[in-house]
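Structure first, then comments.
Bear in mind these aren't lab numbers, they're just calculated from the coordinates by the rules spelled out. None of these values were measured; they are calculated from a predicted model. Cβ atoms come from the backbone with ideal geometry, glycine included; neighbour counts cover every protein chain shown.
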Amino acid sequence: MRKLVYYVAVSLDGYIAGPAGEYDFYPFDAEMAAWINQRYPEFVPTFARSHFDMALDEPGTRCDAVLMGRGSYEPGLAAGATSPYAHMKQYVVSSTLGRIDDPKVELVESDPVGLVQRLKKEEGGDIWLCGGGKLAAQLLDELDELIIKSYPVVAGGGIPVFAGEFRPTLFAPTQRKEFGNGAQVTWFTRA
């Protein structure tokens, strides 16, 4: 059965982006980028692949579908990327976006839980939850694994990693790797 995997960058104070969706405050580390890109090439947006000497259609190692909220989709859209992960099946969950003018991206206007439950039953690789915090909170009961890139920076405000009701949910760490910039990648599975 396919798993839903939330792979996301997080500040020390639990934010995935600034108040306006900013994410450029995370300290870049070439060693970390190379390591992650080799391990999870599917997480590199199509428009950024040439920068990392990756083929546009380079297959992923784990996930073959990506699920994102409107706030995660719009930064690429603003840069002219209507299909930010063209190498994967893409779903955008939004009740306010109206429509998406790219046949490679499916708009899901309601019931993200039902979508994930259906996708988990289908053949294929795992499903990457790209963000954002509201969608992650809605899908908390469906999350099987977290891959958290935690950076040594305090954002002070913004979009939380989970923006929802108080609902403690246990996950167990299974692996951790630290990089020269002080960032860590930690893998968690549902406890």
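Summary of computed values
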read-out	value
Qualifying positions in the range 151-161 - surrounded by 14 or more Cβ atoms within 10 Å (Cβ to Cβ), in contact with a Ser or Thr (Cβ under 9 Å, 6 or more places away or on another chain) and of a type outside the set (A, V, I, L, M)	Tyr151, Gly158
Of all residues making up the range 30-45, the number that are touching a helix residue (DSSP H, G or I) at 6+ places or on another chain (Cβ under 9 Å) and either more than 17 Å from Gly131 (Cβ to Cβ) or of a type in the set (Phe, Trp, Tyr) (or both)	5
Filtered residue count, the range 94-145, keeping only those that are among the aliphatic types (A, V, I, L, M), closer than 15 Å to Tyr6 by Cα and buried (at least 20 other Cβ atoms within 10 Å of the Cβ)	7
Subset of the range 10-26 [part of a loop (DSSP other than H, G, I, E, B) and farther than 21 Å from Arg176 by Cα]	Gly18, Pro19, Ala20, Gly21, Glu22, Tyr23, Asp24, Phe25
Candidate set from the range 53-92 (those that are of a type in the set (Ser, Thr, Tyr) and over 18 Å from Val116 (Cβ atoms)); member that is surrounded by the fewest Cβ atoms within 10 Å (Cβ to Cβ)	Thr61
Test for Tyr7: is it assigned to a loop (DSSP other than H, G, I, E, B) and touching a strand residue (DSSP E or B) at 6+ places or on another chain (Cβ under 7 Å)	no
Members of the range 24-43 that are buried (at least 17 other Cβ atoms within 10 Å of the Cβ) and closer than 23 Å to Cys63 by Cα	Met32, Ile36, Asn37, Tyr40, Pro41, Glu42, Phe43
Top-ranked residue in the range 27-67 [being of a type in the set (Val, Ile, Thr) and assigned to a helix (DSSP H, G or I); ranked as nearest to Val8 (Cα to Cα)]	Ile36
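One line per residue, one yes/no per condition, for (1) of a type in the set (Lys, Arg); (2) in a strand (DSSP E or B); (3) in contact (Cβ under 8 Å) with a residue 60 or more places away in the chain; (4) touching a Cys at 6+ places or on another chain (Cβ under 8 Å):
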| residue | (1), (2), (3), (4) |
| --- | --- |
| Pro168 | no, no, no, no |
| Thr174 | no, yes, no, no |
| Lys177 | yes, yes, yes, no |
| Val185 | no, yes, yes, no |
| Phe188 | no, yes, no, no |
